[in-house]
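Below: one structure, written as structure tokens.
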Amino acid sequence: MDQASAKLFQVLCSACITFAPDGLQILDARVPSLGRNAGENSLQDFGLRFDNLNILNEHGLIISDYNSRYDIKMCIGVPAPSSDQRLLMIRIPFGFQQRHWVLTPSAQRTTGAEYRISGVGLTQAGKELSKIIECVAMPEYRQALVDFFTSQNLMMTEVNSPNAHIIDAGPG
């Protein structure tokens, strides 16, 4: 792999959200296409044009379906049993920009429903290599991701650990 391809992979990894419930094995890693199709250049504003994705695909780092899906409902708060009448939410964080995040549903969102995120998925080799890549700041993509989740009645909330969280969501 040449230096330009490695730099491109660094940009891709910097925009990835990852799912590793045990904190070690990455079950899924992908760059959400923000409600559009990455194969139709929806990520070009973030340095991930279709031709760039083809280069990464040729190196075996991403899968060939640039708009594949993965169910992330495990990251969205779901009611947890509580004996003291408080509403508690349990969720499993996802990684983004080397930090941990959960999704908090708004009152308009139905909990428990499947929620598939579409985007550019990493291959197994890509997931393994992504563990050693240093992320670059991508504030524009981060804001676009926050806005996308907001449009889905979800709020990105940073947490301090990759482990499952039970969070007090207010009075029951």
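Where a number appears in this text, it was derived from the coordinates with a stated rule and is not lab data. These numbers come from a predicted model, not from an experiment. As a convention, Cβ positions derive from the backbone with ideal geometry for all residues, glycine included, and neighbour counts pool all protein chains shown.
Some observations on this one:
- For Leu43, the shell of other residues with beta-carbons less than 9 Å away shows a net charge of +1, using +1 for Lys and Arg and -1 for Asp and Glu.
- The slack between Ser64 and Gln25, meaning 0.36 nm per residue of separation minus the straight C-alpha distance, is 11.8 nm.
- In range of the label at Ala4: residues from segment 37-77 whose backbone nitrogen is under 14 Å from the point 7 Å along Cα→Cβ: 49, 51-56
- Charge tally in the Cβ shell below 13 Å around Asp71, where Lys, Arg are +1 and Asp, Glu are -1, Asp71 excluded: +2
- Neighbour net charge for Lys127 - beta-carbon separation under 15 angstrom, K R +1, D E -1: -1
- Here r is the Cβ-Cβ distance between Met155 and Arg116 and R0 is 22 Å; the resulting FRET efficiency, rounded to 0.05, is 0.75.
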